[in-house]
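The values are calculated or read from the model by the stated rules, or taken from the named source; none is laboratory data. Keep in mind that what you see is a predicted model, and the values were worked out from it rather than measured. Positions of Cβ are backbone-derived with ideal geometry, glycine not excepted, and every protein chain shown enters the neighbour counts.
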Amino acid sequence: MTLLEVSSISRSFGGIRAVDEVSFALAGGERVAMIGPNGAGKSTCFNLLNGQLRPDAGRVLLAGRDVTLMGPAQKFRAGIGRTFQITATFASMTVAENVQMALLSHHGGLWNPWRRAHRALRDEAIGLLEQVGLVPQAARAAGVLAYGDLKRLELAIALANRPRLLLMDEPTAGMAPAERAALMNLASRIVSESGISMLFTEHDMDVVFGHADRVLVLNRGRLIFQGSGEAARADSRVRAVYLGTGTTSGGH
């Protein structure tokens, strides 16, 4: 069953076509890597899917629902979770409170302003922290966490809306090899157990080929390949891009 259907989305910045008529689909429960050289258009594509940007043209359907023009908050409530290259958490709040804030956003009207805010949805927040192995850190300020734990916290926040689609933008950037493996093993296990679809960008090819069911390759804003990891390794266009003989300028 198709969960996400992206049809000919495009976005330009001035005269630069950052994303150029990109089309692809994700099945329910599928794990797909979007790869490409720096400037290929991966982050712009993610921002279009997440609602940070609106496409100049094209359409995005989530489970058959047109979500093309929704903003980030609407897409979060529609079932799209996201993590970012640079972790986005509230440093002065505790780990549990960060997750509670995401849960309050998801549940919306369930929040009664007369209730003590620190107790709202506490049990659900602890349950999400248990999924990512952060319960012992629940009472600590997010600002004092190690980088790997911040990435786990961001994953818990992204899971707060019980997403059908999880977008992970370079989830292992800046991490040591052992931390990369641990985070991606955790994310893969969670999405597999929950039946979530996952689309992630990544420069580490060991991560890509170890966790993706399928690979999408962007270059200069255009989708030049989609298929299995093995087929990607053998494809002449993909090899040209990663060996430096392809043109990589023009995307964001």
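Scanning the stretch 30-53 for residues that are under 13 Å from the mean Cα position of the chain (by Cα), crowded, with 21+ Cβ neighbours inside 10 Å and in a loop (DSSP other than H, G, I, E, B) yields one hit, 51.
Within the stretch 137-157, the only residue that satisfies the criterion of being acidic (Asp, Glu) and either touching a Pro at 6+ places or on another chain (Cβ under 7 Å) or surrounded by 22 or more Cβ atoms within 10 Å (Cβ to Cβ) (or both) is 154. When residues in the stretch 6-29 are screened for being surrounded by 20 or more Cβ atoms within 10 Å (Cβ to Cβ) and farther than 19 Å from residue 238 by Cα, 4 of them pass.
Of the listed requirements (1) more than 30 Å from residue 242 (Cα to Cα); (2) surrounded by fewer than 22 Cβ atoms within 10 Å (Cβ to Cβ); (3) out of contact with any Pro (no Cβ under 9 Å at 6 or more places or on another chain), residue 69 misses just one: (3).
On the basis of being over 18 Å from the mean Cα position of the chain (by Cα), part of a helix (DSSP H, G or I) and at pLDDT below 90, does residue 108 make the cut? Here the answer is yes, as residue 108 does meet what is asked.
When every residue of the stretch 180-203 is checked against the conditions, none turns out to be without any contact (Cβ under 8 Å) to a residue 60 or more places away in the chain, among the polar types (S, T, N, Q) and surrounded by 18 or more Cβ atoms within 10 Å (Cβ to Cβ).
For the stretch 16-57, a tally of residues being among the hydrophobic types (A, V, I, L, M, F, W, C), out of contact with any Asp or Glu (no Cβ under 7 Å at 6 or more places or on another chain) and more than 25 Å from residue 186 (Cβ to Cβ) returns 9. Scan the stretch 7-22 for residues that are in contact with a Leu (Cβ under 7 Å, 6 or more places away or on another chain) and not charged (D, E, K, R) and jot them down. Result: 9, 19, 22.
On the phi > 0 side of the Ramachandran plot and in a strand (DSSP E or B): is that true of residue 21 in this structure? Considered against the rule, which asks whether it is on the phi > 0 side of the Ramachandran plot and in a strand (DSSP E or B), residue 21 comes out as yes.
Against the numbered list (1) more than 24 Å from residue 2 (Cβ to Cβ); (2) surrounded by 15 or more Cβ atoms within 10 Å (Cβ to Cβ); (3) without any contact (Cβ under 8 Å) to a residue 60 or more places away in the chain, residue 160 comes up short only at (3). If the condition is being buried (at least 20 other Cβ atoms within 10 Å of the Cβ) and assigned to a loop (DSSP other than H, G, I, E, B), then the stretch 54-66 contributes only 55. The residue of the stretch 127-144 that is nearest to residue 97 (Cα to Cα), among those that are part of a helix (DSSP H, G or I) and in contact (Cβ under 8 Å) with a residue 40 or more places away in the chain, is 142.
Name every residue in the stretch 207-234 that is more than 18 Å from the chain's Cα centre (by Cα) and of a type in the set (D, E, K, R), in order of residue number. Within the stretch 207-234, 220, 222, 230, 233 qualify. The residues of the stretch 69-97 that are part of a loop (DSSP other than H, G, I, E, B), touching a strand residue (DSSP E or B) at 6+ places or on another chain (Cβ under 8 Å) and at pLDDT below 90, listed by number, are 84, 85, 91, 92.
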